[in-house]
Structure formats: structure tokens, C-alpha cells
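Every number in this text was worked out from the coordinates using simple rules, so none of it is lab data. These numbers come from a predicted model, not from an experiment. Neighbour counts run over all protein chains shown; Cβ positions are idealised from the backbone, glycine included.
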Amino acid sequence: AQASEAFVGIPGIRFVFYDVTGADSAAIRAAIDAARPADPRDRATSYDAATDWTMRWRWRVDARGRCDLSTTRVTFAATVTLPRLTGVVADSVQAAWDRYRTALDRHEAAHARYAYDHRGEVAAAIAGATCATADAAAQDALRRIVAHDRAYDVATRHGQEEGAVFP
């Protein structure tokens with residue numbers, strides 16, 4: 001099993017899968033609960049899937065140590081951790097799994113896509129700063145993107161409102 005087309009057009013994504021198995025939906029749910037990843041922004045909680053994205057920025061510095069913020073480059077990378085069903089299950093269980101994974105993929109892709117699509121805000125914050133304040137400006141822009149991530153999870157109950165529920 002691999003990630004769905006929900007992630008198409010988002011570069012820099014690495015997928016990690018954790019295998020779950022079970023004879024029925026309840027056993028599969030128990031396997032998910034036992035193996036699911038910690039939230040990358042709050043290690044005390046875990047969810048069925050996780051998207052851990054990062055942005056990095058840099059600019060040129062000349063031989064005299066002067067920075068040139070016009071050369072700023074912002075890069076994006078994400079690691080998406082998803083469950084993978086192994087083994088053979090009844091058709092009805094497989095159909096429920098497929099619906100769940102489609103919704104889960106869409107939810108996790110929305111996290112990655114928002115961050116990727118808003119990386120320009122980090123670059124703009126740097127462009128509007130001075131060499132001394134550029135990193136702090138980038139961090140402020142990044143905090144706003146992270147705040148959106150958190151609000152999105154609250155609004156969707158970590159994807160449950162979007163159908164990411166199994167069984």
C-alpha cells in the first residue's frame with residue numbers, strides 16, 4: 001500500500017508506514033491504537049497518522065559577512081506516517097479500510113499542502129526584515145502556519161469529521 005493521489009503536487013514528502021493486521025475491524029483498530037505515531041508537535045498524544053513538516057531557509061553571506069536577503073531560499077520537507085493494512089480481510093472490512101485510508105490520506109495531505117503552499121510567507125517575512133531580524137521574522141511566519149495546522153486538527157477532530165475513522 002502506498003500513499004494516494006491526495007499527495008500529488010507536493011514535493012519533498014517521505015512516507016513511513018506502520019503495518020497493522022487483524023481478522024476483523026476490532027482487531028485492526030486495536031493494532032492501530034497500539035502502533036500509531038506520536039503527534040510531531042505534541043509527543044504526549046498519538047493519532048492514526050502524522051505529518052511532520054519542516055521548512056528551512058538560508059541566504060548568501062558575502063566575504064565581509066554581510067547577508068543578502070534577496071538570495072533567500074526556503075525549502076520544504078515532510079514525513080507522513082500512515083497505517084498499512086497487511087493480510088487478507090473480508091471484502092466489507094477492506095472496503096471500510098479503503099474509505100478510511102482515502103480520508104486519512106486527504107487529511108494528512110491537507111497539512112502538507114497548506115505548509116508547502118504557504119512557504120512563500122516565510123520568504124516574504126525574511127524579505128521584509130533586516131539581516132538581524134530575518135530569522136525571527138521567519139520563525140513568526142512559521143508559527144502562523146503551525147497555528148493553522150493545530151486549528152485544522154481541532155476543526156476536523158484530526159480528520160474524523162472528514163471520514164478518517166476506522167471502523
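Things worth noting here:
- The residue among 79, 95, 37 whose Cα reaches farthest toward the positive pole of the charge dipole of the chain, with charges on the beta-carbon of Lys, Arg, Asp and Glu, is 79.
- FRET efficiency estimate (nearest 0.05) - Cβ-Cβ, residue 114 to residue 66, R0 45 angstrom: 0.85
- Long-range amide H partners of residue 17 with built H, under 5 Å: 82
- For the chain, the membrane-span-like helices by this rule, meaning whole DSSP H stretches whose C-alpha atoms cover at least 20 Å of axis and whose Kyte-Doolittle mean is -1.0 or above, are 134-156; this says nothing about an actual membrane.
- Assigned charges on the beta-carbon of Lys, Arg, Asp, Glu; the range 22-101 dipole about Cα centre (debye): 640
- Using only side-chain charges placed at the Cβ, +1 for Lys and Arg and -1 for Asp and Glu, the dipole size of the range 87-167 relative to its Cα centre rounds to 80 debye.
- Extension gain, residue 148 to residue 17: 0.36 nm times the residue separation minus the Cα-Cα distance gives 44.6 nm.
- Considering only the range 1-108, percent of DSSP beta bridges that pair antiparallel, nearest 5: 60
- Basic side chains Lys and Arg get +1 at the Cβ, acidic Asp and Glu get -1 at the Cβ, and with that the dipole of the range 122-167 about its Cα centre reaches some 80 debye.
- Close amide H pairs (under 5 Å, H built 1.01 Å from N) link residue 53 with 79, residues at least 5 positions away or on another chain.
- In this structure the amide hydrogen of residue 85, modeled in the peptide plane, comes within under 5 Å of the amide hydrogens of 20, none closer than 5 places in sequence on its chain.
- With N counted as the residues of the chain, its alpha-carbon radius of gyration over 2.2 N^0.38 Å works out to 1.25.
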